[in-house]
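Notes for the one structure printed next.
A short reminder: the numbers here are calculations on the coordinates, not readings from a lab. All figures in this text were calculated on a predicted structure; none of them were measured in a lab. Using ideal geometry, Cβ is built from the backbone for each residue, glycine included, and neighbour counts are taken over all protein chains shown.
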Amino acid sequence: MRKSQKSWIRDPSLAAEGARRIAWAEVRMPVLMAIRERFRRERPLEGIRVSACLHVTKETAALVRTLRDAGAEVALCASNPLSTQDDVAAALAEEGIAVYAFRGMSEEEYYEAIGRALSMKPNVTVDDGADLTVTVHKLAHRIQSPELEWVRRGLGSGALEVEGIAGGTEETTTGVIRLRALEREGKLLYPLIAVNDSPTKSLFDNPIGTGQSTIDAVIRATGILLAGKRVVVFGYGRVGSGIAARARGMGAEVIVVEVDPVKALSAAMNGYRVCSSLEAARVGDVFITATGNIRVIRREHMELMRDGAILANAGHYDVEISLQDLRDISVEVEQVNQYVKRYRTRDGRSLYLLAEGRLVNLVAAEGHPSEVMDLSFSLQALSVEHVVRNRGRLEVRVHDVPAEIDREVAMTKLRTMGIEIDRMTEEQVRYVSDWRMGT
Ligand SMILES: NC(=O)c1ccc[n+]([C@@H]2O[C@H](COP(=O)([O-])OP(=O)(O)OC[C@H]3O[C@@H](n4cnc5c(N)ncnc54)[C@H](O)[C@@H]3O)[C@@H](O)[C@H]2O)c1
């Protein structure tokens, strides 16, 4: 472990391996690389300090290097204690970027790292799950919270200056939900851009990125054959629908559990079996949560599960599968391999938990493929630029990504994929904008 003023990482000697993997990612992120080229010329973030709380992956490194090349000073901490790729953290630290992240941080270390990332007194916050942004708000509103003691340790003697923060961005559904709650209570202190909600993010990253990487993670962790298995997906939203589609593609029989009638209907009409969680618990082989909700799989389900059932979570926090309930019904816990824990229940069954119930695709696999993160992180880079260029002019609320940015990213991606699309004719433009025209 190396802990210094400017970094807190597992092992600096992993830097060369990290650099190779970052280079691999960057080749697959042509949109972000084009933005980086422009940023190098224009330097739109000159003198700006950015605190980022993101999964420390090779794709995140590509974003951080882009912000740096735009002129920003960047401090990076992890948005999950188990998702950091230590080689990537080492490579970034070697390039002089402040990185406070290593895989397997304790909760205490996790929040201290957030404090350290904030100690630079940021002008922009970039977040995934809103732990950093919420920390800023708790400090500023003087809200008591146990983790703030650890945050303050990281923050050091300097006080946080919220007035200096021009704005921020948020990457994921759970984070946006927390920001909207802050906004509803009138406690939001600076403008935030909900990158998650833009179409170029949520139509691709959530279903396609999480879909593939979640299946990848289940296979890497267990090596099981998915064909013929009953895979139960909890939540048929953006993420869950992607996981369901990809599990089906691997030959699994997919069962969907929902609480929203429209989503449940959509799953049913897409050919999935939809049933109650208790019914699904009896028949499933693999259970994957993707709801953003709490205690979705709990004791009553665990008691019904078959011997050998596998449990994994793809939602942001490790609260979707009740770990407490799993412990309560078990007489023995054994680490089967790095990512699988076996819980032996009182009645002699084995239930297997993947990745400690944390988002499995980032813990047991490498997170979303670079091609998908090219979209999400291009939106992030352009949203940070938007915040800085409009400093002091954005209303203090949760904003959508401007539609031009969304379109620009999608168009550039299409171009890099060699895909051309049509334009409407003049006549068509008139037709779709005129209420007079009928049959
Ligand atoms: N692992 C990743 O890399 C990754 C990527 C993107 C998003 N996420 C996270 O995944 C979660 C889901 O995101 P999303 O964009 O799909 O959200 P979403 O709102 O589109 O979908 C969530 C779905 O879960 C359903 N749901 C809620 N409570 C439920 C319950 N008790 N039982 C069954 N269904 C329930 C909702 O009705 C909704 O349809 C969030 O926590 C998000 O932050 C993770």
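Structure values in brief
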{"quantity": "Cβ-based net charge around Ala19, under 11 Å, with every Lys or Arg adding one and every Asp or Glu removing one", "calculated": "-1"}
{"quantity": "Stretchable slack from Asn270 to Arg430, in nm (0.36 nm times residue separation minus alpha-carbon distance)", "calculated": "54.1 nm"}
{"quantity": "Most to least packed among 251-258, 418-425, 262-269, 284-291 [average Cβ atoms within 10 Å]", "calculated": "284-291, 251-258, 262-269, 418-425"}
{"quantity": "Overall form of the range 13-133 per C-alpha gyration tensor (a/c, 1.5; a/b vs b/c)", "calculated": "oblate"}
{"quantity": "Percent antiparallel among DSSP beta bridges (both partners in the chain, rounded to 5)", "calculated": "25"}
{"quantity": "Neighbour net charge for Glu408 - beta-carbon separation under 12 angstrom, K R +1, D E -1", "calculated": "+1"}
{"quantity": "Shape of the range 194-266, Cα gyration tensor, a/c cut at 1.5", "calculated": "oblate"}
{"quantity": "Shape call, the chain: gyration tensor on alpha carbons, a/c limit 1.5", "calculated": "oblate"}
{"quantity": "Exceeding the 31 Å Cα-Cα cut-off - candidates Lys6/Lys138; Lys121/Lys187; Lys3/Lys58", "calculated": "none"}
{"quantity": "Residue-wise HN-Hα coupling along the range 123-139, computed from phi with Karplus coefficients 6.51, -1.76, 1.60 (Hz; x: Gly, Pro)", "calculated": "9, 9, 10, 10, 9, 9, x, 6, 5, 5, 5, 5, 4, 4, 5, 5, 5"}
{"quantity": "Scaled radius of gyration (Cα, divided by 2.2 N^0.38 Å) that the range 206-358 gives", "calculated": "0.94"}
{"quantity": "Extension gain, Arg299 back to Ser157 (0.36 nm per residue minus Cα-Cα distance, nm)", "calculated": "46.6 nm"}
{"quantity": "Order by protection proxy (mean Cβ within 10 Å, highest first), peptides 174-181, 127-134, 377-384, 150-157", "calculated": "377-384, 127-134, 174-181, 150-157"}
{"quantity": "19 Å tail of the calculated P(r), the range 151-293, as % of Cα pairs", "calculated": "60"}
{"quantity": "Table column - 3J(HN,Hα) (Hz), the range 377-393, Karplus curve with 6.51, -1.76, 1.60, x for Gly and Pro", "calculated": "7, 5, 4, 4, 4, 6, 5, 5, 4, 4, 4, 6, 5, 10, 3, x, 10"}
{"quantity": "Charge dipole (debye, nearest 20) of the range 206-358; +1 at Cβ of Lys and Arg, -1 at Cβ of Asp and Glu", "calculated": "220"}
{"quantity": "R0 of 30 Å, Cβ-Cβ distance Arg20-Lys138: FRET efficiency to nearest 0.05", "calculated": "0.15"}
{"quantity": "Low-density loop cleavage sites - GluC sites (Glu not before Pro) in the range 109-192, where at most 16 other Cβ are within 10 Å (DSSP)", "calculated": "Glu161, Glu185"}
{"quantity": "Nitroxide proxy distance, nm - points 7 Å out along Cα→Cβ at Arg391 and Leu278", "calculated": "5.8"}
{"quantity": "Among Arg342, Arg40, Arg142: highest mean-square fluctuation, GNM of the chain, C-alpha pairs under 10 Å", "calculated": "Arg142"}
{"quantity": "For the range 63-200: relative contact order, % (alpha-carbon pairs under 8 angstrom, 6 or more apart)", "calculated": "22"}
{"quantity": "Karplus-derived HN-Hα couplings along the range 408-414 (A = 6.51, B = -1.76, C = 1.60, θ = phi - 60°), whole Hz, x at Gly and Pro", "calculated": "4, 5, 5, 5, 5, 4, 4"}
{"quantity": "Alpha-carbon centroids, the range 375-406 and the range 50-65: separation in whole Å", "calculated": "17"}
{"quantity": "Estimated FRET transfer efficiency (Asp400, Ser145; beta-carbon r; R0 25 Å; 0.05)", "calculated": "0.30"}
{"quantity": "Percent of beta bridges antiparallel (DSSP, the range 206-358, rounded to nearest 5)", "calculated": "40"}
{"quantity": "Environment charge at Leu362 (Cβ cut-off 13 Å; Lys +1, Arg +1, Asp -1, Glu -1)", "calculated": "-4"}
